[in-house]
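One structure is given here, and the rest of the page talks about it.
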Amino acid sequence: MSMASLVRSISFNSLLLGLFALITATLLSVTYLGTEEPIAEAKREVAKRALLEIVPLDRHTNNLLVDTVAIPAEFWPMLGVEEGLANIARQGDEPVAVILPSVAGDGYSGDIQMIIGINMDGTVAGVRVISHRETPGLGDKVDLNKSDWILGFNGKSLRNPTPDKWKVKKDGGNFDQFTGATITPRAVVNQVRKSLQYFKENREQLLKAAQRPVSNPPPAKEDAKNGG
């Protein structure tokens, strides 16, 4: 093969590779755009169901899915979020609980996204993990579908146990870890404690914002079915 033919062959192959790369990138982009909204909608559906598990219909008369107040930016790092809204549950105009977004960034396999319900007396109404990538059979026990471990937070507060006991038992605290997996429960326990601390520090501001009269509709029948 002559030098000129070799150059033409290399150029042609390079063109083919470049065209293949362009087509592949385009297909990946289209696939991403096509799945981005369904994934986001699925997360919203999980969050909606979790909200109604934490504060069931018999505890609130408002539509807590749309009754929200903004979380001040200075508290985002404490909650592990980049922005956020607190959902307010109320009976009539009286707030009964706040549901906060919270992210434990130190899970074994990355972020553990949660929502944490806190009653107005500072006790935990409930915690639900809505997104995680923890190891199946080990760290995924933070998911209520896999284990009832997450229910152990119900009724807890910064007084019960005291802040120094908001640790897994391996670290001298009051909370169980999982057999073969300590990092995941440690991260969740710590983040729930931080969320309670946020509520304690920002309670008056939250209450002031939440005390405004609202006229949003009651929970829809579909929500009632979703909530169990």
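What follows draws every value from the coordinates through simple rules; no lab data is involved. What you are looking at is a predicted structure, and each value in this text was computed from that prediction instead of being measured.
Some values worked out for this structure:
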quantity: Over segment 61-105: Kirkwood hydrodynamic radius from C-alpha pairwise inverse distances, Å; calculated: 11.1 Å
quantity: Rounded to whole Å, sorted largest first: equivalent-ellipsoid semi-axes of segment 56-146, Cα gyration tensor; calculated: 26, 17, 10
quantity: Karplus 3J(HN,Hα) series, Hz, for segment 94-100 with 6.51 cos²θ - 1.76 cosθ + 1.60 (x for Gly, Pro); calculated: 8, x, 10, 7, 10, 10, 10
